[in-house]
Amino acid sequence: MKKLPNIFKIDNKLPPKKGRILISQPLLNDGIFARSIVLITEHNQNGTIGFVLNKLAGYTLREIFPEFKGIKLPVYIGGPVSTNSLHFIYKYNKPLPNSHHIIEDLYWNGNLKELKEYLYNNIFNETNIKFFIGYSGWAKGQLKQELENSFWIVNDIYDLNSIFTEDYRNMWKRNVIRLEKKYHFWLNVPLNPQLN
């Protein structure tokens with residue numbers, strides 16, 4: 001009998017790097033990573049750090065951190081590591097002190113005192129900042145192994161603004177549509193194939 005091709009085999013044409021995204025393949029049903037989009041914020045020989053962009057935590061910033069009184073911005077689940085920590089990414093032409101540059105005008109974390117000032121003056125709002133509880137992390141060689149096992153496809157962000165403005169419920173689907181046509185069948189894979 002002839003061996004059938006693995007239709008879920010991913011041929012990554014782009015290597016992971018800071019500012020790119022990871023799109024999970026549809027059979028990756030690992031909780032937080034199921035149908036997820038992860039923004040890579042750091043990638044080097046020691047490992048990778050990123051944030052899941054499309055998993056809402058169900059809380060606002062002020063509900064989790066009372067020091068952000070009056071700030072009703074949603075909080076997302078950035079990943080399974082350090083889930084008691086707050087992180088944020090933002091798009092602005094002037095970085096906050098202690099921020100980490102990702103790409104173009106996109107930054108990660110920064111000075112909390114200035115962050116609060118920007119929030120209360122509406123310089124930062126839902127169109128240019130996103131908050132996360134926890135983060136996604138891969139040790140040295142771990143992401144490489146997951147890519148070889150076809151857990152993720154690496155792609156460029158199509159529009160920095162979409163990170164903040166696109167409905168999180170459509171983000172995975174929209175990014176799959178942007179992939180080569182051979183991956184479009186992913187859109188028809190049920191959330192739980194075992195129930196079929």
- Item | Any hit, region 189-196, residues being over 17 Å from Phe8 (Cα atoms) and surrounded by fewer than 18 Cβ atoms within 10 Å (Cβ to Cβ) | yes
- Residues located in region 113-128, provided they are under 22 Å from the mean Cα position of the chain (by Cα) and either loosely packed, with under 15 Cβ neighbours inside 10 Å or closer than 20 Å to Glu42 by Cα (or both): Asn125, Glu126, Thr127, Asn128
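Let's see how each residue does on (1) farther than 19 Å from Leu143 by Cβ; (2) touching a residue at least 40 places away in the same chain (Cβ under 8 Å):
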| residue | (1), (2) |
| --- | --- |
| Asn12 | no, yes |
| Asn44 | no, no |
| Pro95 | yes, no |
| Ser99 | yes, no |
| Asn111 | yes, no |
| Glu114 | yes, no |
- Task: Report, by residue number, each residue of region 149-159 that is at pLDDT 95 or above and surrounded by fewer than 16 Cβ atoms within 10 Å (Cβ to Cβ).
- Result: Asp156
- Residue ID - nearest to Val38 (Cα to Cα), chosen from residues in region 54-76 that are touching a helix residue (DSSP H, G or I) at 6+ places or on another chain (Cβ under 7 Å) and without any contact (Cβ under 8 Å) to a residue 12 or more places away in the chain: Arg62
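The values are calculated or read from the model by the stated rules, or taken from the named source; none is laboratory data. Computed from a predicted structure; not experimentally measured. Note that we place each Cβ from the backbone using ideal geometry, even for glycine, and neighbour counts take in every protein chain shown.
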